[in-house]
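Q: Here you go, one structure.
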Amino acid sequence: MVVRSRWMPFASFSLMSEFVPAVGQEYWHCDMKRGFQRVRKKEPAIAAILNQDTTVQRIGLLAQQGVYEFHQDDRLLDDVNCVNRVARSLKLEDESLVVRERVLQVLDNYYNQPVLRGKKILKLSRGDEGMPTPLEVRADNLSFKLFAAIDCLFLEENGTLHILDFKTGKSDFDLRQGYVYLLTASYLYPNQRAVASFYNLESCKWSEPITASPLQLNAIQSNLARIAQKHDAQTQQYRKNSTEFGQIFPPNPDQSRCKHCQFHSVCNFSAWEVSA
Ligand code: SF4
């Protein structure tokens, strides 16, 4: 796969879920969040918000870093003090109480159930590497950049590539994300069988392995192409007339959920901000 630097629309699972939320997440869906996050992200007030991890993001990042640390030295998991050692390396003492407690639980869980131990790990991400290198994909007469940050890639004994995504919190796994990973693998490793799965570091629940037929991969690729195109068109529309922000990225009509939105302090549609 050739990676080019020329500009083109982009897509990712994350962008996909900002268009169509996962089952069970519909309540929180708001197109305007995407507008702030993707299109107005360089405005100083919005950049300042985006530079601060939410509690959920912080827990996810530190949990991932914890797993990474456990596997930097194979002997570490044999050390009875390894949870404390990893906690220190993550500087958990500097985190809020809720983040500290939940990440410590993740570390404890992982020490008791180190799911990657003995696996032939090809790639294990720390989670703070920044944007992954995009793939250039062409589908439905549109070229777009596909971003997919893979947490972990290991080789099963039968030679199958296994893409593992770490989760925290209570959200269900989203099958679409598994398909995006498998689409990525089909470009990066075209001759290798691949499966994807999710492992929740808090509940210690591992999903069934997900596979995808060529038809399913084509479908997800077309879906990503449509999303890339639509998001790009909306971005251009906003650039031409920024006063239409609220029409291009309509707010969720139920403003009761604005209270939990990271953009409520800058959002003119947040009833919560007005009444606070
Ligand atoms: S504050 Fe409310 S309307 Fe504004 S972006 Fe957030 S959820 Fe949407």
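The values are calculated or read from the model by the stated rules, or taken from the named source; none is laboratory data. Everything numeric in this text was worked out from a predicted model, so none of it was measured. As a convention, Cβ positions derive from the backbone with ideal geometry for all residues, glycine included, and neighbour counts pool all protein chains shown.
Q: Mind counting the residues in segment 124-143 that are within 14 Å of Ser12 (Cβ to Cβ) and in a loop (DSSP other than H, G, I, E, B)?
A: 5
Q: I need a count of the residues in segment 181-202 that are in contact (Cβ under 8 Å) with a residue 40 or more places away in the chain and aliphatic (A, V, I, L, M).
A: The number of residues fulfilling the criteria is 3.
Q: So which of Ser171, Ser186, Ser256 ends up being touching a helix residue (DSSP H, G or I) at 6+ places or on another chain (Cβ under 8 Å) and under 21 Å from Ala149 (Cα atoms)?
A: Of Ser171, Ser186, Ser256, the one residue that is touching a helix residue (DSSP H, G or I) at 6+ places or on another chain (Cβ under 8 Å) and under 21 Å from Ala149 (Cα atoms) is Ser186.
Q: A further question on this structure: Looking at (1) in contact (Cβ under 8 Å) with a residue 40 or more places away in the chain; (2) buried (at least 17 other Cβ atoms within 10 Å of the Cβ); (3) within 16 Å of the ligand (Cβ to nearest atom); (4) not in a helix (DSSP H, G or I), which is the only condition Val266 fails?
A: (2)
Q: Scanning for something among the small types (Gly, Ala, Ser) and modelled with pLDDT of 95 or more, does segment 50-64 turn up at least one residue? I'd like the intermediate steps shown before the answer.
A: At the first step, the residues of segment 50-64 found to be among the small types (Gly, Ala, Ser) are 60, 63.
Next, from what is left, pick out any that are modelled with pLDDT of 95 or more: 60, 63.
Yes.
Q: A follow-up question, please. Determine which single condition Ile227 fails, assuming it passes every other condition in (1) within 16 Å of the ligand (Cβ to nearest atom); (2) surrounded by 15 or more Cβ atoms within 10 Å (Cβ to Cβ).
A: Condition not satisfied by Ile227: (1).
Rundown of residues vs (1) among the aromatic types (Phe, Trp, Tyr); (2) touching a strand residue (DSSP E or B) at 6+ places or on another chain (Cβ under 7 Å); (3) surrounded by fewer than 15 Cβ atoms within 10 Å (Cβ to Cβ), yes/no style:
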position	(1), (2), (3)
Leu161	no, yes, no
Tyr179	yes, no, no
Thr184	no, yes, no
Pro209	no, yes, no
Gln216	no, no, no
Glu244	no, no, yes
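Q: Hey, another quick one. Going through segment 141-154 one residue at a time, which ones are more than 23 Å from Asp128 (Cα to Cα) and either at pLDDT 95 or above or of a type in the set (A, V, I, L, M, F, W, C) (or both)?
A: Leu142, Phe144
Q: Do you know which residues across segment 36-60 are of a type in the set (S, T, N, Q) and either in a helix (DSSP H, G or I) or surrounded by 14 or more Cβ atoms within 10 Å (Cβ to Cβ) (or both)? Break it down stepwise before answering.
A: First, pick out the residues of segment 36-60 that are of a type in the set (S, T, N, Q): 37, 51-52, 54-55, 57.
The answer is Gln37, Thr55, Gln57.
Q: Among the residues of segment 19-31, are any more than 18 Å from the chain's Cα centre (by Cα), surrounded by 13 or more Cβ atoms within 10 Å (Cβ to Cβ) and within 16 Å of the ligand (Cβ to nearest atom)?
A: Taking segment 19-31 as the starting set, the residues that turn out to be more than 18 Å from the chain's Cα centre (by Cα) are 27.
Filter once more, keeping what is surrounded by 13 or more Cβ atoms within 10 Å (Cβ to Cβ): none.
No, because not a single residue in segment 19-31 is more than 18 Å from the chain's Cα centre (by Cα), surrounded by 13 or more Cβ atoms within 10 Å (Cβ to Cβ) and within 16 Å of the ligand (Cβ to nearest atom).
Q: While we're looking at this one, here's another question. Return the residues of segment 236-263 that are in a helix (DSSP H, G or I), within 7 Å of the ligand (Cβ to nearest atom) and modelled with pLDDT of 85 or more; say none if nothing qualifies.
A: Cys258
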